[in-house]
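Step one of this worksheet: look at the structure below.
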Amino acid sequence: MPHSNDDDFFLFDLDDLSGFSELFNKIRNQVKKNRTEYVLPYQKKSDAKWIPPGEKIKIGEYRITSGFFYYGTYFPSRWSDNDPSLINPNLPISDSIDTGDDANSSNLPDYSTISPLERKEYLSWLACGRKRADTSETPPLLFLCGLERRVLDSPKDMALTNEEEIAIRDEVYRIMLLYKDDPLVETAYSNFFQYLEIKIDDRRLYEIPVPVFDTPEYDCYYRDIPVYLKIALSQTALDNVPVPAGIAFEWYSQEVEFSKHAPFNNQREKFKALFVMRYRQKFGSGILLKPNKRIIHKYRIGGYSPLTDAINKKFDFKINQNLCDVSTLPSAKKKINNFGLSISDELNRYSRRLSRSTYTPNPSMDFLALPVELWENSVSEKFEKLKTDIKNKCKIIDALSLFRIFTGSDELSKTPFFDLIWALECNNIAVEPDIIAFKTTVKNDDKFILHILKDKIPSNRNNSEYAKAILLTELSASALNACGAPESTVLDLNGVGALGAYFTDRLSCLFKLLLTNPPRFSKLISKLKQYSKPGQMFFVNQIQNFVLVRYKTHYEAVAFLEKLYKALGFSQQELYSTIHNDNGGAGRTNKTETLNRDEIEKLREDSRQISSVIENIFSENDEQWKIEKTKQESLLGLDEAHSSMLVHLAEKKDWKRKEMEALAKQHSLFTDGAIETINEASYNTFDEPLIEEDETNYKMDIALLKKIMGGNKK
């Protein structure tokens, strides 16, 4: 027979096991008879008590009325000696951080082994009604362990009621939202909430806010979506109701078969916000799923693994066997996958920029790369006001002023400015010139015209016919400005291939802008020289017919065409022949009009801008000629800053980009604008540019520079 030396141990004689067999049979018969757990005679009895909400209890200096925890000194489970969540009133509570000799080796907190300071924090959190989220992770995780024990392994003498189980579910959801900024706590509570929701089964899952799910591992292609989502999707199909935006997003997020691009991984919050917004815009209440014959298999959905060490068991989800698994429908999966990819496309510009290792984030401007719907309210209001202002009338504004409206910056930044233009156009506000289709350098004082787009942006936006039409528009406006044309002049695009309403609408607004803000002649010549000689002649003929039909007898019109011929290297005799030919200028009604050649010659002389005072002397024998820097009244009719910069440019033939930027900054000028201004003045006087630019360097035309600095005019 077994005998005991104390109350905790029984000893058996290995030569006589009859006593062990007798004790074992006694325990087994007792269990079968009472259907309750048998308490060994030597097992210490638990004194733990479950404290429900509303019951007042004082622990140390704290009075707690919110309940939902176990209180006592001993509370074992089938898997552990004592429950880690049990609040033992005998343990010290102070500001000490000493954990004693029984420090907890687990990653989860244990009330008996945490420090007195952590106990104080936990009790303080309970006393305030668990309404604070400015704590460590210990209080919420310790509290969750107690709730799990109550729901999953409650003693028979403390049976859990349905009402209490619902109250626990609601409290779990509340704390989950309270700790939304703590991924560990939020996920732990979300997992338990999903289990409770499925277990209680008293409401439709698609009608309540969507909980947080674990992030799937994308290298595990066998992983299925959470059973909570499967049930929610099945309920929508069986009830014939649309899939809500929140459920649709989590379906896209959790399904490992769906394609996920960088914006989804790098900008998850913004991706979700835009996904939900666009989903409602496109599908209204949501997409409808049709029930299928495939049911949700129990063996594939897993179960709930408790957080606490007191319960070493996995609990299966109890689901209705009649639920269909609509998450496997190919057509629905394709629709959700393609929609998710479209959201990635919208956020790609923003995500790609911020993910660069060399990029320094600038929140005051980075937001411009986002869709307007994700801008802050204060900036969105400015956008709506701008859209209202141009609803019935076009608006002309300079680049810096437009940029300042949304950023408050007095310095134009290239990339954010292009982001702004793209954001405006994605919301039906077109900006002319079209710098999105055809990139160009933008300066502070460059003028733009804003108007409402009436047609959808086509996929072939930067096609060659559109580019030709833009150049013809610019040439027409430049010619009409030279002739003093009225603003009512109609744009003529004969000779250009058929353009849709989208392009013609944009070109008409661009024409309005250019009539009052004509492009620089040097810029037009640079564009024309990108075409072959036949291509250049096409533009010359088009603009020649356009001008002569309207202004054949205007000296300014002939002077403009003469300048155009000369800049492109065409014989001016062809122009004169066209003017005096009866068949020239198709469409003219008055064929008796002629021009006096002497007057044309006089016009040529009068149109030239002569340099003012030249004080620099070149040394013809010195290959690296130098200039004596003296005060200049003006060069090429330029202002003081540009004249001074031109003097410095004459110091050498080749300039690097950084050198040119430093020189422009020294004279308080913008690099590209200064070069364009100097070249324009050079065109006006000598019919050719002074500065040639390649990818990284600038070259000075030495022969032309000597004429400018030496006063030798062509």
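The values are calculated or read from the model by the stated rules, or taken from the named source; none is laboratory data. Values in this document were obtained by computation on a predicted structure and should not be read as measured data. FYI the Cβ positions are ideal-geometry reconstructions off the backbone, even for glycines, and counts take in every protein chain you see. Surface accessibility is based on the protein's heavy atoms, side chains included, excluding ligands, DNA and RNA. Shrake-Rupley method; radii C 1.70, N 1.55, O 1.52, S 1.80 Å.
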**Message:** Please go through segment 547-561 and give me each residue that is open to solvent by 10 Å² or more (accessible area, probe 1.4 Å) and assigned to a helix (DSSP H, G or I), ordered by number.
**Reply:** VAL549, ARG550, TYR551, TYR555, GLU556, ALA559, PHE560
**Message:** Kindly evaluate TYR359 against the criterion of being over 27 Å from LEU510 (Cα atoms) and surrounded by fewer than 13 Cβ atoms within 10 Å (Cβ to Cβ).
**Reply:** yes
**Candidate set from segment 518-540 (those that are in contact (Cβ under 8 Å) with a residue 40 or more places away in the chain and more than 21 Å from SER682 (Cβ to Cβ)); member that is most open to solvent (accessible area, probe 1.4 Å)** = PHE538
**Message:** Which count do you get for residues in segment 179-218 that are in contact (Cβ under 8 Å) with a residue 60 or more places away in the chain and open to solvent by 40 Å² or more (accessible area, probe 1.4 Å)?
**Reply:** 3
**Asked** Between a first residue in segment 52-74 that is closer than 18 Å to PRO140 by Cβ and a second residue that is open to solvent by 60 Å² or more (accessible area, probe 1.4 Å) and among the hydroxyl-bearing types (Ser, Thr, Tyr), which pairs have beta carbons less than 9 Å apart while being 6 or more apart in sequence or on different chains?
**Response** PRO53/THR65
**Asked** Would segment 341-357 turn up any residue that is part of a loop (DSSP other than H, G, I, E, B), modelled with pLDDT of 80 or more and more than 30 Å from TYR111 (Cβ to Cβ)?
**Response** yes
**Prompt:** Here are some conditions: (1) within 22 Å of THR215 (Cα to Cα); (2) outside any loop (DSSP other than H, G, I, E, B). PRO306 meets all but one. Which one does it not meet?
**Reply:** (2)
**Single residue of segment 127-143 satisfying the filter (of a type in the set (A, V, I, L, M) and under 36 Å from the mean Cα position of the chain (by Cα)) that is least open to solvent (accessible area, probe 1.4 Å)** = LEU141
**Item:** Some residue of segment 140-148 being over 26 Å from ASN82 (Cα atoms) and not β-branched (Val, Ile, Thr)
**Value:** no
**Asked** Residue check, ASN338 against (1) modelled with pLDDT of 95 or more; (2) surrounded by 12 or more Cβ atoms within 10 Å (Cβ to Cβ), all met but one. Which one?
**Response** (2)
**Only listed residue being closer than 19 Å to GLU688 by Cα and either at pLDDT 85 or above or not in a helix (DSSP H, G or I) (or both), chosen from ALA567, ALA586** = ALA567
**Message:** If I filter segment 467-476 for residues that are open to solvent by less than 10 Å² (accessible area, probe 1.4 Å), over 30 Å from GLY535 (Cα atoms) and at pLDDT 90 or above, do I get at least one hit?
**Reply:** no
**Message:** Can you find, within segment 385-414, the residue that is modelled with the highest pLDDT among those that are part of a helix (DSSP H, G or I) and open to solvent by 100 Å² or more (accessible area, probe 1.4 Å)?
**Reply:** LYS385
**Asked** Could you count how many residues in segment 497-546 are basic (Lys, Arg), over 21 Å from ARG461 (Cβ atoms) and outside any loop (DSSP other than H, G, I, E, B)?
**Response** 2
**Request:** Considering only segment 236-255, state which residues are open to solvent by less than 10 Å² (accessible area, probe 1.4 Å) and more than 23 Å from the chain's Cα centre (by Cα).
**Result:** THR236, ALA237, VAL243
**Message:** Quick check on SER682: is it crowded, with 17+ Cβ neighbours inside 10 Å and at pLDDT 80 or above?
**Reply:** yes
**Asked** In segment 563-574, which residues are farther than 30 Å from ASP398 by Cα and either among the aromatic types (Phe, Trp, Tyr) or open to solvent by less than 10 Å² (accessible area, probe 1.4 Å) (or both)?
**Response** TYR565, LEU568, PHE570
**Qualifying residues in segment 256-273 (those that are farther than 25 Å from VAL326 by Cβ and in contact with a helix residue (DSSP H, G or I) (Cβ under 7 Å, 6 or more places away or on another chain)) - the one least open to solvent (accessible area, probe 1.4 Å)** = PRO263
**Request:** Considering only segment 363-384, state which residues are in a loop (DSSP other than H, G, I, E, B) and under 14 Å from ARG353 (Cβ atoms).
**Result:** LEU370
**All positions within segment 666-708 that are assigned to a loop (DSSP other than H, G, I, E, B) and either free of Cβ contacts under 8 Å to residues at least 24 places away in the same chain or under 22 Å from LEU564 (Cα atoms) (or both)** = ASP687, GLU688, PRO689, LEU690, ASP694, GLU695, ASP701
**Request:** Identify, by number, the condition in (1) modelled with pLDDT of 90 or more; (2) open to solvent by 50 Å² or more (accessible area, probe 1.4 Å); (3) in contact with a strand residue (DSSP E or B) (Cβ under 9 Å, 6 or more places away or on another chain) that TRP422 doesn't meet.
**Result:** (3)
**Which listed residue is hydrophobic (A, V, I, L, M, F, W, C), out of contact with any helix residue (DSSP H, G or I) (no Cβ under 8 Å at 6 or more places or on another chain) and open to solvent by 10 Å² or more (accessible area, probe 1.4 Å), from LEU323, LEU329** = LEU329
